[in-house]
Ligand SMILES: *Cc1c(COP(=O)(O)O)cnc(C)c1O
């Protein structure tokens, strides 16, 4: 058992609890999604032994190979972009897909879920910053896509997800998180969809995200250390 991982988790938990306290929220309101991409099943088993239960992957292919090698009681989330041709695997592997950003993908997920007699839980990814390099729906495009999803019997939209721009000072990410929350509040009021989850905040910016209402934070580097670069990145 590596003490390094235990120490990192303890430090992270302290910071999460402190951010919750500053916002008048309880620790139970925030799900820690341990982003395990590029890390082997042994590392995930260690993290599971420390009590982590929810893991995030960003590539379907990697997750397909890895999940069967990991402890079986874990909950897997897809946090990375999903192509329609991999939707069938995503339906089988993941409890929640954070990165849904098109009507076409929703329709394919609904079909694949129907074939398997399943329900698919999704978040709609929003490109709040408008950066060209980012996936996600423009804020204006979320409502019509939500309405399409709500009309699909197998799709349950649990909330919204965003990635803030990469900035040195995490405070600079705060306005993007506030904007996602405001968008959620207005969409929930307009459509009657609860949209209980806001997936926002990563290693560098999870504290302002929690203060702005994140219910899921996606943490890789702070738990597992720097990732090795992959050829496709
Ligand atoms: C890799 C990744 C994360 C985790 O990033 P860290 O900065 O390592 O915490 C979170 N969300 C998504 C979508 C990712 O791809």
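Relative to one another, the C-alpha centroids of segment 155-233 and segment 18-95 are positioned 15 Å apart. Protection proxy ranking of 50-56, 74-80, by the mean of other Cβ atoms within 10 Å over each peptide's residues and highest first, is 74-80, 50-56.
Protection proxy ranking, highest mean first, for peptides 101-108, 167-174: 101-108, 167-174, where packing is the per-residue count of other beta-carbon atoms within 10 Å, averaged.
Here the contact order of the chain, divided by its residue count and restricted to Cα pairs under 8 Å and six or more residues apart, works out to 20 percent. Rg/Rh, computed from the Cα trace of segment 1-115 with Rh as the Kirkwood radius, has the value 1.03.
Note on segment 29-96: Kirkwood hydrodynamic radius from all Cα pairs is 12.1 Å, rounded to one decimal. In this simple spin-label model, placing a label point 7 Å from the Cα along the Cα-to-Cβ direction at both residue 131 and residue 28 gives a separation of 3.6 nm. Our analysis of segment 185-227 gives Rg over Rh at 1.15, with the two radii drawn from alpha carbon positions and Rh computed by the Kirkwood formula. Rg over Rh for the chain works out to 0.95, both radii taken from alpha-carbon positions and Rh defined as the Kirkwood radius. With each label modelled as a point 7 angstrom along the Cα→C-beta vector, the residue 45-residue 116 pair spans 2.5 nm. Which residues in segment 46-62 place their backbone N less than 11 Å from a point set 7 Å from the Cα of residue 92 along the Cα-to-Cβ direction? No residue qualifies, since no backbone N sits under 11 Å from the label point. Here the peptides 178-184, 11-17, 198-204 are ranked by packing, the mean other Cβ count within 10 Å, and the order with the highest first is 198-204, 178-184, 11-17.
Since every read-out is calculated from the coordinates, none of them should be taken as a lab result. This one's a predicted model, so the numbers in the text were calculated from it and none came from an experiment. Heads up, the Cβs are rebuilt from the backbone with ideal geometry, glycines too, and the neighbour counts pull from every protein chain shown.
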